[in-house]
Amino acid sequence: MSMNLTPEKFSYEPEYLLAGTDIRVTTAIKKAAATLKAGAPVKLDGSGKAAPVAKADGTTGLYGIATEDFKSGEDAVIYLTGEFFADHLALETGVTAASLEVAFRNIGIFLK
C-alpha cells in the first residue's frame, strides 16, 4: 500500500452575509412557502409563510432575509434586523438590492 505524501493546498473563502454587529440581529421562524436560498429577501404570503421576493412584488410586504437554504414546508429562520452585505443577497431575476434598500431600512435591515 502506498501513501500520497505530495503536499496539497486547500483554500476556503467564506461568503459573509452579515456585515456588522452595530445593529442587533434578530430572527424569527416561519414556514417556507417555497424553496428559499440563503440571503434571499422574503415576504409573508397570505398564509403567513415566507416566500422569496419577486420583481412583481415590489417592496410591499418585505419581511426579512433567509438565514440559509430552506425547502418548501421547512421551518425557515429569517433575519428581521441587522447589517448585511448587499452583494451577498440571493435576489430573484429582476430584483435589485437598490430597489429593496429603503424598504429594508424601514424594517431595521441595513445593506452595505
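The values are calculated or read from the model by the stated rules, or taken from the named source; none is laboratory data. Source: prediction; values computed, not measured. Ideal geometry is used to build each Cβ from the backbone, glycine not excepted, and the neighbour counts take in all protein chains shown.
Is it the case that the range 39-53 has a residue that's part of a loop (DSSP other than H, G, I, E, B), touching a residue at least 40 places away in the same chain (Cβ under 8 Å) and exposed (fewer than 15 other Cβ atoms within 10 Å of the Cβ)? The answer is no; no qualifying residue exists. Taking the criterion of being β-branched (Val, Ile, Thr), loosely packed, with under 15 Cβ neighbours inside 10 Å and touching a strand residue (DSSP E or B) at 6+ places or on another chain (Cβ under 6 Å), no residue of the range 57-101 qualifies.
Residues that are among the hydrophobic types (A, V, I, L, M, F, W, C) and part of a strand (DSSP E or B) were ranked within the range 1-38; the one that is surrounded by the fewest Cβ atoms within 10 Å (Cβ to Cβ) is 29. Return a yes/no flag: does the range 38-48 have any residue that is of a type in the set (D, E, K, R), within 11 Å of the chain's Cα centre (by Cα) and at pLDDT 95 or above. Looking through the range 38-48, none of the residues is of a type in the set (D, E, K, R), within 11 Å of the chain's Cα centre (by Cα) and at pLDDT 95 or above. Each residue in the range 60-102 was checked for being within 15 Å of the chain's Cα centre (by Cα), over 15 Å from residue 32 (Cα atoms), touching a residue at least 40 places away in the same chain (Cβ under 8 Å) and not in a strand (DSSP E or B), and 8 of them qualify.
Checking 55, 30 one by one, the residue that is out of contact with any Ser or Thr (no Cβ under 6 Å at 6 or more places or on another chain) and at pLDDT 95 or above is 30 and no other.
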